[in-house]
Amino acid sequence: MSTNVVDYLRRVEIFSGMTDDDTLQLAGLCRVQKMGANQVVFNEGDDGDELIIIMEGCVRVSLITRSAQGAMIPSTINMLYGGQSFGEMVLLGGATRSATVTCVDACVFLVIRERDFASLCERNPRIGYKVMRNMASDLSYKLRSSNLLLRGNIRWQAGELGRRP
């Protein structure tokens, strides 16, 4: 595995606190994937079995929601950048994607299959513990961000945020 991937994994939030040996083992599971701007990584409801880490670029996370006029439209719930990950819920037993993820610009990802990660954790439970603990913190942050966005949207729709008559 390239030294570049190992060095990069050391800076990724959900892999913090891992030993050099742990990081090297994890790097052995990674495959690099490149995608262009505006490409859909996956759609809400798709089956999935991969955790994806952003090395370069930015992605938009969106859900299909109903507009005030009744049309179904994509609504952005988060933007993610280098060092952040998505698709983590497959590691927690979620098999379908909970949102659509689209590349905002050209992206380079590290991809880890769930079954490969589970096998590594069977051999080295310390890695699983550290990643799951870090992932819980990351998912908590994303949930808080989404809740703030949702709360603001609800308040805007209710006219609480300065809409003028």
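The values are calculated or read from the model by the stated rules, or taken from the named source; none is laboratory data. Computed from a predicted model, the values in this text were never measured in an experiment. Positions of Cβ are generated from backbone atoms using ideal geometry, with glycine treated the same way; all protein chains shown enter the neighbour counts.
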Note to self: Could you list, ordered by first residue, the pairs with Cβ atoms under 6 Å in which the first is in the stretch 14-37 and in contact (Cβ under 8 Å) with a residue 40 or more places away in the chain and of a type in the set (Asp, Glu) and the second is surrounded by 12 or more Cβ atoms within 10 Å (Cβ to Cβ) and in a helix (DSSP H, G or I), at least 6 apart or interchain?
What the structure shows: Asp22/Ile127
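Within the group Ile53, Ile14, which residue is β-branched (Val, Ile, Thr), modelled with pLDDT of 90 or more and either part of a loop (DSSP other than H, G, I, E, B) or under 23 Å from Leu143 (Cα atoms) (or both)?
On the way: Ile14 fails: modelled with pLDDT of 90 or more.
So the residue among Ile53, Ile14 that is β-branched (Val, Ile, Thr), modelled with pLDDT of 90 or more and either part of a loop (DSSP other than H, G, I, E, B) or under 23 Å from Leu143 (Cα atoms) (or both) is Ile53.
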Next item on the list: Test Ser67 against the stated conditions and say whether it is modelled with pLDDT of 85 or more and among the small types (Gly, Ala, Ser).
Entry: no
Notebook entry, point to check: For the subset of the stretch 17-30 comprising residues that are more than 18 Å from the chain's Cα centre (by Cα) and in a loop (DSSP other than H, G, I, E, B), which member is surrounded by the most Cβ atoms within 10 Å (Cβ to Cβ)?
Noted result: Met18
Check: Quick one: is Gly83 touching a Gly at 6+ places or on another chain (Cβ under 9 Å) and closer than 24 Å to Asn38 by Cβ?
Finding: no
Check: Between residues in the stretch 70-87 that are touching a residue at least 40 places away in the same chain (Cβ under 8 Å) and more than 13 Å from Glu56 (Cα to Cα) and residues that are of a type in the set (Asp, Glu) and surrounded by 13 or more Cβ atoms within 10 Å (Cβ to Cβ), which pairs lie under 6 Å by C-beta distance while being six or more apart or on different chains?
Finding: Gly87/Glu50
Check: Pairs under 6 Å by beta carbon, first residue in contact (Cβ under 8 Å) with a residue 12 or more places away in the chain in the stretch 98-113, partner among the hydroxyl-bearing types (Ser, Thr, Tyr) and assigned to a strand (DSSP E or B), six or more apart or different chains?
Finding: Thr100/Ser62
Check: In this structure, is Gln33 under 30 Å from Arg123 (Cα atoms), in contact with a strand residue (DSSP E or B) (Cβ under 6 Å, 6 or more places away or on another chain), polar (S, T, N, Q) and not in a loop (DSSP other than H, G, I, E, B)?
Finding: yes
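So that you can scan it fast, the table gives a plain yes or no per residue for (1) within 19 Å of Asn147 (Cα to Cα); (2) exposed (fewer than 13 other Cβ atoms within 10 Å of the Cβ); (3) in contact with a strand residue (DSSP E or B) (Cβ under 6 Å, 6 or more places away or on another chain); (4) of a type in the set (Lys, Arg):
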| residue | (1), (2), (3), (4) |
| --- | --- |
| Asn43 | no, no, yes, no |
| Ile52 | no, no, yes, no |
| Met55 | no, no, yes, no |
| Ser62 | yes, no, yes, no |
| Ala71 | no, yes, no, no |
| Asn78 | yes, no, yes, no |
| Tyr81 | no, yes, yes, no |
| Gly87 | yes, no, yes, no |
| Ala99 | yes, no, yes, no |
Checklist line | Extreme residue, farthest from Val101 (Cα to Cα), among residues of the stretch 1-16 that are of a type in the set (A, V, I, L, M) and either surrounded by 18 or more Cβ atoms within 10 Å (Cβ to Cβ) or in contact with a Gly (Cβ under 6 Å, 6 or more places away or on another chain) (or both) | finding: Met1
Notebook entry, point to check: Do we find a residue being over 10 Å from the mean Cα position of the chain (by Cα) and among the β-branched types (Val, Ile, Thr) anywhere in the stretch 42-60?
Noted result: no
